[in-house]
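Q: Sharing a structure, written as structure tokens. Questions coming.
The values are calculated or read from the model by the stated rules, or taken from the named source; none is laboratory data. These numbers come from a predicted model, not from an experiment. Positions of Cβ are backbone-derived with ideal geometry, glycine not excepted, and every protein chain shown enters the neighbour counts. Side chains are part of the model used for accessible areas, which takes the heavy atoms of the whole protein and leaves out ligands, DNA and RNA. Shrake-Rupley method; radii C 1.70, N 1.55, O 1.52, S 1.80 Å.
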Amino acid sequence: MPTGKAVVVALLVTGAAGFIGSNLVRHLLQRWPDQRLVSFDLLTYAGHLANLADVIDHPRHRFLQGDIADREAVAAVFDQHDIDGVIHLAAESHVDRSILDPMAFVRTNVAGTVVLLQEATRAWGDRQDVRFHHVSTDEVFGALGSEGFFDEDTRYRPNSPYSASKAASDHFVRAWHETYGLPAVITNCTNNYGPYQFPEKLIPVVITRALAGEKIPVYGRGENVRDWLFVEDHCDAIGLVFERGTAGETYCIGGETEATNLELVRLLLDLVDAARGADPGTSAELIEFVTDRPGHDFRYAMDITRMRSELGWSPSVSLREGLARTVEWYLDHREWMADVQGSGHREFTDTWYEKR
Ligand code: NAD
Ligand code: DAU
């Protein structure tokens, strides 16, 4: 592991079979050539071993199935694997689902995070050569109007049950640092996209539906704005903050790439048409404006000055390049799509569209 503030031997990655987690495991196995890595994931509808297929038998990697809200299971991981670092990503992550079933978000995102914190302090006492990194979201800050940016000093104002649960978990992490001296860092990141994203989130929904010739649901008039970051850039930023971030601090990560949903969907569909040799505009005909998400945050955008000036990080993949790579990946991984789509999400998605 490169010289930095935190040097750990055995890292626990929670949520490792999900979208960002699986990309992160792949990234860290290369980034830190001496470290053992323990992946811990419940394998909910959103978590798939297929996401880790190419690293599952890696000699420095171990996968364990388990629930972060199960205290005994979490204690066993800390004790049996000499864990001295945690990167915590396990969560219920989809805003629409949080509107229908908020308690699942309280259980995993809030209670699960507290269990991890409790077990980390039990196992580590007041050691300072350890690190707990919570991977969080820009959604804790609420919504922006057409001007301005979120940064590390923005007040918390979550609007959805998902973002409220992530805000609560951020507060618990901070409280553990202040109260028990846990060396903890938090990162708050904007919308990620890239390989292995479960097809309930906008970008993989658009790609998978376009390939199947199905209607593409755009909420409201498609005017909401998101700031998009290619997942590998996020993984690099997490690695850096873990290595060199200051305990007790938070770091805001973003793509500096804002687009309205309609702009994004149109660009993505152009790339899908080009990649499969269809006439330009073919897939755009599938766009359908549907009832808006309740409480839909208008705009997210991040000021990444701190990441840039303190850690020398900035995004390296442009939106067009990242989307093209993502489309290519989905076209090359149709088996993966069939595999993960068998896990009940279509039932959710169809009910969701009907409900509104
Ligand atoms: P994801 O839904 O793809 O993955 C979440 C993973 O957590 C899944 O593998 C799931 O099986 C696992 N999990 C859920 N409940 C669990 C439990 N009780 N115990 C153990 N494992 C459990 O989510 P993602 O998009 O990869 O997001 C990962 C993290 O990053 C989340 O904490 C999310 O809030 C945060 N985040 C995501 C984005 C984004 O754009 N996707 C942006 C910023 C922050
Ligand atoms: O900002 C970071 C957050 O980004 C993460 O914390 C969340 O885990 C992640 O899910 C994501 O939240 P969003 O709600 O922004 O992502 P989603 O892909 O669900 O939606 C992106 C935008 O697209 C949003 O404005 C809603 C809209 N949308 C979404 C879907 C699924 C549509 O118009 N149609 C759709 O079918």
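Q: Across every pair of different alpha-carbon atoms, what Kirkwood hydrodynamic radius in Å does the chain reach?
A: It is 20.6 Å.
Q: Using DSSP to call loops (not H, G, I, E or B), can you name the trypsin sites (Lys or Arg not before Pro) in the range 148-238 whose Cβ has at most 10 other Cβ atoms within 10 angstrom?
A: R155
Q: Now for a separate question. Under a crude label model (7 Å from the Cα following the beta-carbon direction), how far is A50 from R276 in nanometres?
A: According to this spin-label approximation, the distance is 1.7 nm.
Q: Can you show me the helix-derived [θ] at 222 nm for the chain, built from DSSP H runs with n ≥ 4 at -39,500 (n - 2.57) apiece and divided by the number of residues, rounded to the nearest 500.
A: Estimated from H runs of four or more residues: -12500 deg cm²/dmol.
Q: Give the carbon-plus-sulfur fraction of the accessible surface of the range 37-143 in %, rounded to a whole number; probe 1.4 Å, heavy atoms of protein chains only.
A: It is 50 percent, rounded to a whole number.
Q: Sticking with this structure for a sec: If you roll a 1.4 Å probe over the heavy atoms of the protein chains, what accessible area per residue do you get for the chain, in Å²?
A: Accessible area per residue: 40 Å².
Q: Got a number for carbon plus sulfur as a percent of the range 205-245's accessible area, 1.4 Å probe?
A: Carbon with sulfur: 40 percent of the solvent-accessible area.
Q: Contact order normalised by length for the chain, with contacts defined as Cα pairs under 8 Å and 6 or more residues apart; what percent is it?
A: It rounds to 18 percent for the chain.
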